[in-house]
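Novice: Shown below is the structure under consideration.
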Amino acid sequence: MGTAVGIPAVEARLLGPLSVARAGSAVVLPGSRKLRALFGYLALAPQPVTRSHLCELFWDGPSDPRAELRWCLSRIRGIADTAERRRVLTQGDTVALDLADCFVDAREIARALQDGVEALAPERLRSLSALFAGDLLDGLDIEGSPLFGGWLVAQRRRFRGYHAAILERLVGASDDEQVFSYLDAWLRLAPFDLHAHAALLHALARRGRVRESEEHVATAARLFDSEGLDATPLHEAWQAARSRAESAPQVRVEWPSETLEPGAAGEPRRASIAVMPFNETGDAPGGFADGLVHDIITRLAKLRSLFVIARGSVFALHERKVSPEEAGRALNVDYVASGSLRRRGDRLVLSVELAESRTARIVWAEVFDQKTAEALAVLDDVGNRIVASIAHEIETIERNRALLRPPGSLDAWQAYHRGLWHMYRFNTSDNERAQHFFRTAVRLDPTFARAHAALSFTHFQNAFQGWGPRAPEIERAYAVAGHALMADDLDPAAHWAMGRALWLRESQDQAIVELERAIDLSPNFALAHYTLSFVQCQSGDARAAIRASDHSRHLSPFDPLLFAMLGARAMALVRLGRFDEAAEWAAKAAARPNAHAHIQAIAAYSLALAGRVDDARGYLKALPQYRIEDFLTAMRFDDAGAKLFREAAKRIGRP
């Protein structure tokens, strides 16, 4: 017997006290808190969960936790299964709750916000906001189950962040008295969010409610002072709200974001991030997590491309039990990194995630699972990988975001990232567009060293790819790299640009010095490791080139220059006479997106040297005019290396 049209077979409400309905009728749930908590956990699990993990989550004490789990699952079957469909699925050692054809409020919200809150229509935002009836699984905290408790706290924070993001968008889309109900809910969720206070002050000022505005500022300032937070931006937001209301009383509810940017007034804009202390559960080694967070903050600051909140501020908020999501809004940063550390037997499990502060969208997450002894030994490597991943994800997001803005409205930061998008396409026309945006960036902010470095790279590309007159482009690459160093001698990208330019000028030893300086400044700067590999693979230490290539890929496994990292490794293997290996790595390089003509040539020559002549010819079919002199002019091989590649060209009939 089916259900009425429009009524889901099973409807589960997780936001607030857990409730379940079948075919529109409420189900009486068992009294066991662990059973209800298990239902909620499985309802949100993105993939099947092992029985051992479920036992670890919920049953710390019973002598036979698997028997307890079996009993709970049998009762959940009675709640979720119907005659038409089994929803509690067990396969091997895994358990899943299949609610694909059901309505689950929390899953509906997470799915809607997966690609960001910005694209959702106001009506959709209102319907999502109405689903928030309280905290996730309200009342289902379980004593003696620390792992479940940690998961529940993290998920509650996540959904509070979603709710705040939805309310913020609703405030911006509302122009009637309803806006105050959204603002009230937003401030209850995020009492230290400067954007929420600014929006309320603008809404009040626009309606001439000056006294209420001043009372709110006074009350909020006392709240900020009690938590050791700077209340100055509140007063600045009130002054801005009053000025705008007096000059344009009919303007919609908007607030000037420039008054809320982190950093000193007048500083050029950068993406900002707060790295919150990691939560430690179980018997994790004391101090390990705090030391790692301190290391990540330091390394991110060394990149010079992000505004990084100081350690003291984030640890102070953490001590006051402020969640990462709330801290991100209180500190008014673009991104928040957070994580947890727990011991599992003889292993340490570190979970890290990066989220956008204003949308609560998780943009990157990773789990590092190491033996306890190894974890202490590889702290440096784990920190490098986390920092490189965070930097890469932020750059990708900012690059994509800049594409959506009209070119004439870009600031220096946005112009730089718009230029990166074109630069990484590796063709003549996009390289010219990249130069335009990088020149815009350095015109708007002459101190922006990374924009100078990127502009230098476009000139490097013109010389290396043969897209422009070689000698003048080499000198332009060198001169602009010099501008990057003058703008900020501590930016690793500036030394990276100078290293590439010096290599073009055939000053290999000086190039290596600059690249090693870039690595010293920021050990997690993947492009510096790759470029060191590129220089060494042609006329330096081929084994060192392989190590540097491997390390660059370890730090940035999805880098836009991954094809070049693989190609450098292949060239080093050719020089070592390991032709079969070189052919495999070169083929991988040529298969990557945007792999240019020189990469295709590396694949052709490596395969030819490995005796796979027919395969080799295929890589140059689309390049009928390409000759070995094009390749050797671009590269800087020693005599022995050049001889090997000339022999390869002869084998495929392209001398």
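The values are calculated or read from the model by the stated rules, or taken from the named source; none is laboratory data. Owing to the predicted nature of the structure, the values given are computational and were not obtained by experimental measurement. With ideal geometry, Cβ positions are generated from the backbone for all residues, glycine too; neighbour counts draw on all protein chains shown. Ligands, DNA and RNA are excluded from the accessible area calculation, which covers all protein heavy atoms including side chains. Shrake-Rupley method; radii C 1.70, N 1.55, O 1.52, S 1.80 Å.
Novice: Is there a residue being open to solvent by 20 Å² or more (accessible area, probe 1.4 Å), under 22 Å from the mean Cα position of the chain (by Cα), more than 21 Å from Ala165 (Cα to Cα) and of a type in the set (S, T, N, Q) anywhere in the range 329-341?
Specialist: Yes: one or more hits.
Novice: Hey, could you check the range 402-417 for residues that are open to solvent by 30 Å² or more (accessible area, probe 1.4 Å) and more than 16 Å from Leu306 (Cβ to Cβ) and say which is modelled with the lowest pLDDT?
Specialist: Leu404
Novice: Return the residue satisfying two criteria in turn: it lies in the range 619-632 and is touching a residue at least 12 places away in the same chain (Cβ under 8 Å) and either open to solvent by 40 Å² or more (accessible area, probe 1.4 Å) or on the phi > 0 side of the Ramachandran plot (or both), and of such residues it is nearest to the chain's Cα centre (by Cα).
Specialist: My answer is Tyr619.
Novice: Condition test on Val363, is it surrounded by 21 or more Cβ atoms within 10 Å (Cβ to Cβ) and within 16 Å of the chain's Cα centre (by Cα)?
Specialist: No: the conditions fail for Val363.
Novice: Related question: Considering only the range 499-606, give the helices (runs of 4 or more DSSP H) lying wholly within it that have at least 1 residues that are touching a Lys or Arg at 6+ places or on another chain (Cβ under 7 Å) and within 25 Å of Glu395 (Cβ to Cβ).
Specialist: 508-521, 526-539, 542-555, 562-575
Novice: A further question follows. Which ones in the range 204-237 are open to solvent by less than 50 Å² (accessible area, probe 1.4 Å), over 19 Å from Arg329 (Cβ atoms) and of a type in the set (Gly, Ala, Ser)?
Specialist: Result: Ala205, Ser213, Ala218.
Novice: Tell me whether the range 504-514 contains one or more residues that are farther than 26 Å from Gly577 by Cα, touching a His at 6+ places or on another chain (Cβ under 7 Å) and not β-branched (Val, Ile, Thr).
Specialist: Checked the range 504-514: at least one residue is farther than 26 Å from Gly577 by Cα, touching a His at 6+ places or on another chain (Cβ under 7 Å) and not β-branched (Val, Ile, Thr).
Novice: From the list Ala608, Ala640, which one is open to solvent by 20 Å² or more (accessible area, probe 1.4 Å) and under 19 Å from Leu573 (Cα atoms)?
Specialist: Ala640
Novice: Anything in the range 509-540 that is modelled with pLDDT of 95 or more, open to solvent by 20 Å² or more (accessible area, probe 1.4 Å) and among the polar types (S, T, N, Q)? List them, or say none.
Specialist: Those that are modelled with pLDDT of 95 or more, open to solvent by 20 Å² or more (accessible area, probe 1.4 Å) and among the polar types (S, T, N, Q): Gln510, Gln536.
Novice: Sticking with this structure for a sec: Give just the number: which of (1) under 17 Å from the mean Cα position of the chain (by Cα); (2) surrounded by fewer than 23 Cβ atoms within 10 Å (Cβ to Cβ); (3) modelled with pLDDT of 85 or more does Phe315 not satisfy?
Specialist: (1)
Novice: Right, here's the next one. Determine whether Glu227 is modelled with pLDDT of 85 or more and under 15 Å from Leu187 (Cβ atoms).
Specialist: When the stated conditions are applied, Glu227 does not pass them.
For (1) surrounded by 15 or more Cβ atoms within 10 Å (Cβ to Cβ); (2) assigned to a loop (DSSP other than H, G, I, E, B); (3) at pLDDT 85 or above, each residue gets a yes or a no:
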{"site": "Leu354", "(1), (2), (3)": "yes, no, yes"}
{"site": "Asp369", "(1), (2), (3)": "no, no, no"}
{"site": "Ala373", "(1), (2), (3)": "no, no, no"}
{"site": "Leu376", "(1), (2), (3)": "no, no, no"}
{"site": "Asp380", "(1), (2), (3)": "no, no, no"}
{"site": "Ile386", "(1), (2), (3)": "yes, no, yes"}
{"site": "Ala391", "(1), (2), (3)": "yes, no, yes"}
{"site": "Thr396", "(1), (2), (3)": "yes, no, yes"}
{"site": "Asn400", "(1), (2), (3)": "no, no, yes"}
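Novice: Taking the range 159-184, which residues are open to solvent by 20 Å² or more (accessible area, probe 1.4 Å) and in a helix (DSSP H, G or I)?
Specialist: Arg160, His163, Glu168, Arg169, Gly172, Ala173, Gln178, Phe180, Ser181, Tyr182, Asp184, listed by residue number.
Novice: Would it be correct to say that Ala37 is touching a residue at least 24 places away in the same chain (Cβ under 8 Å) and closer than 21 Å to Ala12 by Cβ?
Specialist: Against the criterion (touching a residue at least 24 places away in the same chain (Cβ under 8 Å) and closer than 21 Å to Ala12 by Cβ), Ala37 qualifies.
Novice: With Ser340, Ser313 as the choices, which residue is in contact with a helix residue (DSSP H, G or I) (Cβ under 8 Å, 6 or more places away or on another chain), part of a strand (DSSP E or B) and of a type in the set (S, T, N, Q)?
Specialist: Ser340
Novice: What number of residues within the range 97-151 are charged (D, E, K, R) and at pLDDT below 85?
Specialist: 3
Rundown of residues vs (1) closer than 17 Å to Phe645 by Cβ; (2) open to solvent by 10 Å² or more (accessible area, probe 1.4 Å); (3) among the hydrophobic types (A, V, I, L, M, F, W, C), yes/no style:
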{"residue": "His551", "(1), (2), (3)": "no, yes, no"}
{"residue": "Leu555", "(1), (2), (3)": "no, no, yes"}
{"residue": "Phe563", "(1), (2), (3)": "no, no, yes"}
{"residue": "Arg575", "(1), (2), (3)": "yes, yes, no"}
{"residue": "Asp580", "(1), (2), (3)": "yes, yes, no"}
{"residue": "Glu584", "(1), (2), (3)": "no, yes, no"}
{"residue": "Ala591", "(1), (2), (3)": "no, yes, yes"}
{"residue": "Ala597", "(1), (2), (3)": "yes, yes, yes"}
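Novice: Among the residues of the range 117-129, which ones are surrounded by 16 or more Cβ atoms within 10 Å (Cβ to Cβ) and outside any helix (DSSP H, G or I)?
Specialist: Val117, Leu120
Novice: Of all residues in the range 186-215, count the ones that are closer than 27 Å to Glu319 by Cβ and in contact with a helix residue (DSSP H, G or I) (Cβ under 9 Å, 6 or more places away or on another chain).
Specialist: 12
Novice: Still on this structure: What's the number of the condition Thr298 fails, among (1) over 20 Å from the mean Cα position of the chain (by Cα); (2) assigned to a helix (DSSP H, G or I); (3) surrounded by fewer than 20 Cβ atoms within 10 Å (Cβ to Cβ)?
Specialist: (1)
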